Structure formats: structure tokens, C-alpha cells
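Below: one structure, written as C-alpha cells.
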């Protein structure tokens, strides 16, 4: 018998998702990291950067479009609740509406969770048994994990494989957003953030789409970062974001020891805290609303914020975080293709999709009726025209 507490949680989750969708249709923006068009743009740049550096296996335009489509669809409700990964505490989004959610690092390869009732609408209709008898693959239609995508590739379904990889790239891109690596949910109300509850970084970067984004201008001296595992990519990206950048509500909080400004500069009457960066150049980490007063600490009665009048802090963040996502993303694509080809050539791997118990029942019923029909013809009960 199903645990009553779990049933209650499931019912609450369904109601919660329905409420979020209703609110989203009116005024609120969901807890996205980058906006969906921005994700598509970053994924496009990852593909371009990959093709510049890995000549042995180029990605076609069709494959790039599949990656971009997967990247867009990863924000289907309520998947985005699992798009947080705090590497300092090894957790996803915590205590959001009283619930702790799976980290993006785990979500990227947890098939059981991705096909569960909360994420797969087939479980949420009364006639699901009939539908799944007719098409058992509906049970796993929301599985866009790393492993499932590798298997799709090895079985020749490269369109779905690259869509699945696009889902995973979306998660890696979210790990480049400080809000998502510092446990800082930030639903904004309306596109103009009427209540100022949204992420300044994500609101500012919403201007970038697949039609105007150009990350290669920051990457002409860079190369893809090659690591040996999917988890290593998530750890590296999340650590870079977490340790070197603030989110709106985690400026100088005890929960995170880093970052801190390395020095303070007053430029044209405005005071900024700068962070040294030997890779991409020193950058504005924080803006002090100093009103003419200069200080070398965060705790001097000044208002510390990410929002200056010209969005210089946000520009510096974008010019480092997004290109870094492209470097890690291109390396992750290369790792995926390497593992996918290995699986494809593994003689122990079955190229046939495993059948679910429901599919076995369906095949048995089909065979029974086919044999009954053949027997009826042979017995002369009816003729075949």
C-alpha cells in the first residue's frame, strides 16, 4: 500500500505545479535561470564553439537545432525546480514551498525521477493505462537524462539523442548562474519585475537570444575545457559560479565564504568592488551605493548591490559566466559523443529498445487475436476478401 504521507506530498506537488502554471499565465515569471531564448542562444554558441575545435566529428545544422530544442524544453514545468546545484553544500533548491528539490547534477541522470508522475503527464490522466497499452513508450517520454540520450544515440535515434543532450546542456548553463548555485530562488513578478523580487542578472541577460548572441567574441583565445566525466563538468561550472559571483540575496552572507572584492575603486563618482581575474581580466563584483563615501569593506554602512545605473556589474558577469558555460559545454558535447560512440560499438549493448511489461502484455494480446483470427479462417468461420 502506498505510504499516506507520500500520497499527500504527491497531491500537494500536483496542486503546486498547477498553481505555478496558473500564476505564470498571468503575471509571474517562473524560477528560470536564463530565459528560454537565452538558453537557446547559449546552446547555439556551444555548438559553434565545439565545431571550431573538434574537427573529427562536426555537428550538423539539424543536430544543432535538436540541441537547441532540448535546451528550450528543459524549462517545461515543473522541471525547472530541479535546476539548482549548490556545490558548497551538495544540494539542490532547498526549503522552497517547504520542499527540498533534487540538484541539477543528480537530475541530469535520474531516469526514475524524470519519468515520475510529477513530470510525466501520462500518469495524470485517468485513461493512462489505455494510452500506455497502445504506446508503452509514453511511460518514458519525459526521460531526457544523459544515459537515455546515450542509448538513443547508440540505437540510431540521433534526433532524440541530441534533444536529450540539449536538456543536459541547459542544466550546465544554469550552473553558470550564481542564483542557481547559491540556493537563491528568485521568481520575478512581470517582465519589469514589479516587486523587485527577480534576479538582476537573469533579468538583464534576457536581452540575449539565438538571433543576437555572440559569445565567440570572448573566446577567440580560449579552448573547450576537457574533463573526464559529466559530474566533473557540473562541479567545475557550479564552483566557478558560486565562488566568484554574487546573487541578489547572497551578498556577503555567512553561508558562503566567497567571493570578496579584492580592491575598491571609485570611477566617475561611483564605487565598485573589483575581483582580480587573470583569465578574462579584473571585473566589477559589486556596486556600492556610496553617495560620495569610499570604503574598503562591505560592512561600512553602504548599500551593496548588483544594480548600477549602466548595468556594468551585470555586463562583467555575463562576459565571464556565459563564455565559461560555452567552454564547459563544448567539452561536455565532446564527452557525450565519445561515450555514445563507445556504447554504439559495445557488442554487449542491445540495439533494440527494452520492452516494458505493458508492451509484453500488448504483444501477447495482439498475438492471441491474430492466432484466433487465423484459426477462424482455417475453420471456415469466415472468408478473407
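What is the packing order of peptides 152-159, 69-76, taking the mean over residues of other C-beta atoms within 10 Å and listing the highest first?
69-76, 152-159
In what sequence do 272, 349, 96 fall when counting other Cβ within 10 Å, fewest first?
In order of increasing Cβ crowding within 10 Å: 349, 96, 272.
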request  = Would you mind calculating the gained length between residue 243 and residue 231 on full extension (0.36 nm times residue separation, minus the Cα-Cα distance), in nm to one decimal?
outcome  = 2.5 nm
ask   = Three principal axis extents, largest first, for the C-alpha atoms of the stretch 73-114, in Å?
value = 27, 22, 17
query = What FRET efficiency comes out for the pair residue 76/residue 303, r = Cβ-Cβ distance, R0 = 45 Å, nearest 0.05?
reply = 0.75
inquiry  = Averaging over every viewing direction, what projected area does the convex hull of the Cα atoms of the stretch 298-343 cover, in nm²?
reply    = 5.0 nm²
query = Measuring from a point 7 Å past the Cα of residue 343 along Cα-to-C-beta, which residues in the stretch 48-85 have an amide N at less than 15 Å?
reply = none
query = For 165, 203, what ranking results if the residue with the fewest other Cβ atoms within 10 Å of its Cβ goes first?
reply = 203, 165
query = How far apart, in nm, are two points set 7 Å out from the Cα along the Cα-to-Cβ line at residue 212 and at residue 137?
reply = 3.9 nm
query = Of the listed peptides 109-115, 259-265, 241-247, 281-287, what is their order by residue-averaged count of other C-beta atoms within 10 Å, with the highest listed first?
reply = 241-247, 281-287, 109-115, 259-265
ask   = If the viscosity is 1.306 mPa s and the temperature 10 °C, what Stokes-Einstein diffusion coefficient in µm²/s follows for the stretch 132-286 when Rh is the Kirkwood radius over Cα pairs?
value = 84 µm²/s
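Laboratory data are not the source of any read-out in this text; all were calculated from the coordinates shown. Everything numeric here is computed off the predicted structure, so don't read it as measured data. With ideal geometry, Cβ positions are generated from the backbone for all residues, glycine too; neighbour counts draw on all protein chains shown.
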